Amino acid sequence: MSFALHYCLAMILDLVVGDPRWFPHPIRGIGTLCQWFERLARKTLGDGRSAGALAFVGVLGVTVVVVFATCSFLHKYTPWLEIVMAILLVYFGLACRDLRDHSMAVYAALEQHHDLTTARRALQQIVGRDTANLDEVDIARGAVESIAENLVDGVLAPLFWGIVASLWGLPTTISAIGLAATGVFFYKVINTMDSMYGYKNSRYLLFGRVAARVDDLATFIPARLSVPFLLLSALLLRLDVMNGLRICWRDRLEHSSPNGGHPESVVAGILGVQLGGAATYFGKTVIKPTIGEKTRIITRDDILVANRLLLLSSLLFLAAGLLIRELILRAVL
């Protein structure tokens with residue numbers, strides 16, 4: 001039961017505090033580590049896959065060892081401090097409040113001031129596409145797509161890998177929440193490397209392939225688990241569950257990512273809007289497959305509904321994960 005309490009405290013911290021800009025976030029440190037290992041790998045092995053693999057293993061290994069060793073050391077000498085540290089590390093690995101705040105900044109610019117310039121700048125914080133020439137519909141679409149996809153990357157997948165890691169054991173060496181913190185950062189490192197190395201351009205096409213493929217594997221299960229939790233959230237919010245299920249079944253693979261289409265298609269169906277389509281990256285227009293049906297024009301209010309789905313599905317996922325973990329432990333022990 002103590003693990004459940006500790007894990008919930010980390011989630012509460014994320015929902016209440018978010019990610020203050022003034023605080024040195026560990027994920028930014030991982031980004032710096034990625035840059036250092038990239039320079040080392042390219043200098044040592046060139047620009048191909050082997051260099052990318054070296055950087056990937058280096059960043060992942062250093063981060064996981066540091067998190068595990070820190071929690072293990074504190075567990076041995078000051079167990080209460082290990083609990084505090086592990087809760088904070090799990091909290092740092094979650095981004096529910098941060099995603100909500102960024103998307104609501106887009107909504108506020110559109111709703112209160114009809115300020116497209118501010119809305120574009122706010123959207124640029126959570127998407128990779130060029131936002132300079134987007135109209136209000138495209139801005140709202142980008143925000144909803146980001147909420148749907150980052151629900152998995154920023155919340156569900158870290159929670160999933162934290163719970164999986166907590167089941168490994170080693171009770172005399174490290175606590176369950178310490179293991180969970182290690183699992184959360186195991187995923188966050190992989191996801192961060194994908195965001196930094198996974199570009200499909202000449203510089204990263206080969207170098208970033210290992211990071212991109214491993215991220216696809218690490219996100220595979222959480223992305224598919226997002227579907228029932230989004231549908232259950234839609235049911236509780238009295239939204240269109242059946243259309244969400246129908247569109248997901250039809251369009252879940254209509255995405256460049258093997259995982260991104262699952263949450264996006266469910267959200268598109270629940271809202272009754274169309275996502276995907278044309279987007280501009282680094283000055284080049286990319287035509288993506290459309291997801292959902294254009295039964296109506298997407299509006300800024302859809303950002304509000306998408307955020308309700310984000311919050312409720314995250315809480316339901318956390319509760320279900322803790323329950324399943326408890327059942328597994330009872331069955332094994």
Looking only at region 68-115, and only at residues there that are part of a loop (DSSP other than H, G, I, E, B) and under 15 Å from the mean Cα position of the chain (by Cα), the one that is surrounded by the most Cβ atoms within 10 Å (Cβ to Cβ): GLY93
Some residue of region 35-55 being in contact with a Cys (Cβ under 9 Å, 6 or more places away or on another chain) and assigned to a helix (DSSP H, G or I): yes
Among (1) part of a helix (DSSP H, G or I); (2) more than 14 Å from the chain's Cα centre (by Cα); (3) basic (Lys, Arg) - the single one ARG129 does not satisfy: (1)
First in region 248-260 and more than 15 Å from LEU217 (Cα to Cα), second anywhere and of a type in the set (A, V, I, L, M) and assigned to a helix (DSSP H, G or I), Cβ under 7 Å, 6 or more apart: CYS248/VAL227; CYS248/VAL266
Residues of region 116-128 satisfying the condition of being buried (at least 17 other Cβ atoms within 10 Å of the Cβ), in contact (Cβ under 8 Å) with a residue 24 or more places away in the chain and not β-branched (Val, Ile, Thr): none
Scan of region 203-223 for residues that are of a type in the set (A, V, I, L, M, F, W, C), more than 18 Å from the chain's Cα centre (by Cα) and crowded, with 21+ Cβ neighbours inside 10 Å, ordered by number: PHE207, VAL210
Candidate set: region 224-241, residues that are within 19 Å of the chain's Cα centre (by Cα) and hydrophobic (A, V, I, L, M, F, W, C); chosen: the one surrounded by the fewest Cβ atoms within 10 Å (Cβ to Cβ): VAL227
Residues within region 285-333 that are touching a residue at least 60 places away in the same chain (Cβ under 8 Å) and either basic (Lys, Arg) or at positive phi (or both), tallied: 3
Single residue of region 6-59 satisfying the filter (farther than 20 Å from TYR187 by Cα and among the hydroxyl-bearing types (Ser, Thr, Tyr)) that is surrounded by the fewest Cβ atoms within 10 Å (Cβ to Cβ): THR44
Residue that is farther than 23 Å from ASN307 by Cα, small (Gly, Ala, Ser) and at pLDDT 95 or above, where the choices are ALA165, ALA132, ALA157, ALA143: ALA165
Any hit, region 181-196, residues being crowded, with 24+ Cβ neighbours inside 10 Å, modelled with pLDDT of 95 or more and over 16 Å from the mean Cα position of the chain (by Cα): yes
Count of region 226-240 residues which are free of Cβ contacts under 8 Å to residues at least 12 places away in the same chain and not in a loop (DSSP other than H, G, I, E, B): 2
Region 268-284 residues that are touching a residue at least 60 places away in the same chain (Cβ under 8 Å), paired with ones that are of a type in the set (A, V, I, L, M) and assigned to a loop (DSSP other than H, G, I, E, B) (beta carbon under 7 Å, 6 or more apart): VAL273/ILE298
Test: residue in region 276-286 that is at pLDDT 95 or above, crowded, with 20+ Cβ neighbours inside 10 Å and not in a loop (DSSP other than H, G, I, E, B): no
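If you scan region 242-256, which residues turn out to be part of a loop (DSSP other than H, G, I, E, B) and either in contact with a Leu (Cβ under 6 Å, 6 or more places away or on another chain) or surrounded by 14 or more Cβ atoms within 10 Å (Cβ to Cβ) (or both)?
At the first step, the residues of region 242-256 found to be part of a loop (DSSP other than H, G, I, E, B) are 252-256.
Hits for region 242-256 are ARG252, GLU254, HIS255.
The values are calculated or read from the model by the stated rules, or taken from the named source; none is laboratory data. Everything numeric here is computed off the predicted structure, so don't read it as measured data. Every residue, glycine among them, receives a Cβ derived from its backbone with ideal geometry; neighbour counts consider all protein chains shown.
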